[in-house]
Amino acid sequence: MAVLNYALIGLGGAGAGFAVAVAARGAKTCGWYDCDDAVRSSTDLAGGLSFEGLGGQGAVALPKSAANGAEAVAGADIVIVSTTADRHAAVAREIAPGLASGQMVVLHCGYVGGSKVFADALASAGAPGSVAIFELNNTLHLAGKLNPSTVVIKGQKRWLELAGLPEAQESPHYAAFLEQFPEFTYSPNVLESGLNNPNCIGHVPAYIGGAMTLDRDMGDLTTGILHFDEARMGRVNVIAAALEQERDQVMRAAGLKPMSTAEFSRRCYPAGTRLFGAIPRFGPKLQKRFLHEDVPCSLVPLEVLGRQAGVATPLTTGLIALANILEGVDFRATGRNEQVLQLDWMQAHCSARRQ
């Protein structure tokens, strides 16, 4: 197997987990960058990352952090972007000067239409058109940071979709990448793959349903993340189930094939792929970043597709409105709306599924 050189953009829980996976599979991280000063300084001081949880404890050596994203990606075969989805366009513009023909970029993960957003931003920044861009429909791990240079891995998925244009498979690194990560299955339909990401169905109802506790001091557990299944408990699950049904109606009307959240979980987490207990939880709340990903990058395009398909989306619309009020942001204006994910792009993916 060819030894691939990886560049990692974003070293939060998802990116740090991927760094551990890269090392475990015999590949090399040749560059990395995170916009958080604390992550860069702590990881540089330690000489890499510590990890614990699923797979035991250990450490992964990393090179010194790059000065910026463009420097980090220079010379890499594959670039893994593990930032929040709302930053995809900004990250594309930042790394564009360091990209070269033949490189492969993987968004970890893309939400809805991430690879299109990324490709459009790269084109506007003058990056080479021969960069192959893919997006995963979720993150490889259920992971979180105990501190800036220590990641806890509580789950590792055994199935994910790697979506991208068919011609992107011509990348010289594509076959080796899939050999290194056999749990990734190719999908040519970026729109369908992104809409089947279940994050918004668990996160948004849980965040809005627990809004009264968001500003409450709960000591060491004031901030953190909930597991997806925990987020869908009680009455919140009623909202989540209704949102899933609404999403499925839109997708079917558009000619796309929905995947239930239960089936998604079954494929991702067969027996032995998650830890329960033993490792400290990361808190009883959802972090704000989930709302700033799931609403603009999943619910906004779902509402757009619903209008296009002639399907009413009252719950999706209501959740967007509540999120706008809670965060003081117009997520429709900042999100993946008709101007970002053009209607002809959506229609092309819907038409391709019908063929």
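Taken together, the values in this text are just the output of simple stated rules run on the coordinates, not laboratory data. Keep in mind the model is a prediction, meaning the values are calculated, not measured. Glycine gets a Cβ as well: all are built from the backbone with ideal geometry, and neighbour counts include every protein chain shown.
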Between the modelled labels at Gln342 and Ala24 (7 Å from Cα along Cα→Cβ) the distance in nm is 4.2 nm
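Mind ranking 36-48, 243-255 by how tightly packed they are, going by the mean number of other C-beta atoms within 10 angstrom, highest first? Please list the in-between numbers first.
Details: 36-48: 15.5, 243-255: 19.5.
Per-residue Cβ counts within 10 Å, averaged per peptide and sorted highest first, yield 243-255, 36-48.
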Return the lysines within reach of Lys257: Cα separation strictly under 25 angstrom, same-chain partners fewer than 8 residues apart disregarded; answer none if there are no such residues.
Lys116, Lys157
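Per-residue counts of other Cβ atoms within 10 Å, averaged by peptide: what ranking do you get for 161-167, 57-63, 110-116, 194-200, highest first?
Order by mean packing, descending: 110-116, 194-200, 161-167, 57-63.
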For segment 195-202, take each phi angle, set θ = phi - 60°, evaluate the Karplus expression 6.51 cos²θ - 1.76 cosθ + 1.60, and give the result in whole Hz per residue in order, putting x for glycine and proline.
5, 7, 5, x, 3, 5, 6, x
Sequence ranges 75-88, 256-269, ranked by mean other-Cβ count within 10 angstrom, highest first:
75-88, 256-269
Which one of Gly47, Trp159, Ala309 is farthest out on the positive end of the charge dipole of the chain, using unit charges on Cβ (Lys, Arg +1; Asp, Glu -1) and the Cα centre as origin?
Trp159
Per residue and in Å³, how big is the convex hull formed by the alpha-carbon atoms of segment 115-208?
160 Å³
Once phi is turned into ³J(HN,Hα) by the Karplus curve 6.51 cos²θ - 1.76 cosθ + 1.60 with θ = phi - 60°, what whole-Hz value does each residue of segment 291-307 show in order, with x for glycine and proline?
5, 7, 9, 5, 6, x, 9, 10, 6, 4, x, 5, 5, 4, 5, x, 4
Got a sec to turn the phi values of segment 260-270 into Karplus ³J(HN,Hα) couplings, 6.51 cos²θ - 1.76 cosθ + 1.60 with θ = phi - 60°, whole Hz, x for Gly and Pro?
5, 5, 5, 5, 4, 5, 4, 5, 6, 10, x
Report the equivalent ellipsoid semi-axes for segment 5-188 in whole Å, largest first, defined as the square roots of five times the eigenvalues of the gyration tensor built from alpha carbon atoms.
24, 19, 14
Using only DSSP helix segments of four residues or longer, with each worth -39500 (n - 2.57), what per-residue ellipticity at 222 nm results for the chain after dividing by its residue count and rounding to 500?
-12000 deg cm²/dmol
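If you stretched the chain out fully between Ala241 and Ala321, how much longer would it get, using 0.36 nm times the residue separation minus the C-alpha to C-alpha distance?
Answer, rounded to one decimal: 26.9 nm.
FRET efficiency for Phe276 and Thr185, Cβ-Cβ distance as r, R0 = 35 Å, nearest 0.05?
On the way: r = 26 Å, r/R0 = 0.75.
Efficiency computed from Cβ-Cβ geometry: 0.85.
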Given points 7 Å out from each Cα along the Cα-Cβ axis, report the Asn68 to Cys35 separation in nanometres with one decimal.
1.4 nm
Give me the log10 of I(q) over I(0) for the chain at q = 0.10 Å⁻¹, as the Debye formula computes it from C-alpha points; what are the numbers?
-0.58
Charged-residue dipole, Cβ positions (Lys, Arg, Asp, Glu), the chain about Cα centre, Debye nearest 20:
640 debye
For Gly144, enumerate residues with amide H under 5 Å from its amide H, sequence gap 5+ or separate chain, H modeled in the peptide plane.
Val152, Lys154
Once label points are set 7 Å from the Cα along Cα→Cβ at both Leu165 and Ser260, what is their separation, rounded to one decimal in nm?
3.6 nm
Reachable lysines, given that their alpha-carbon falls under 20 Å from the alpha-carbon of Lys288 and they are not under 8 places away in the same chain
Lys145
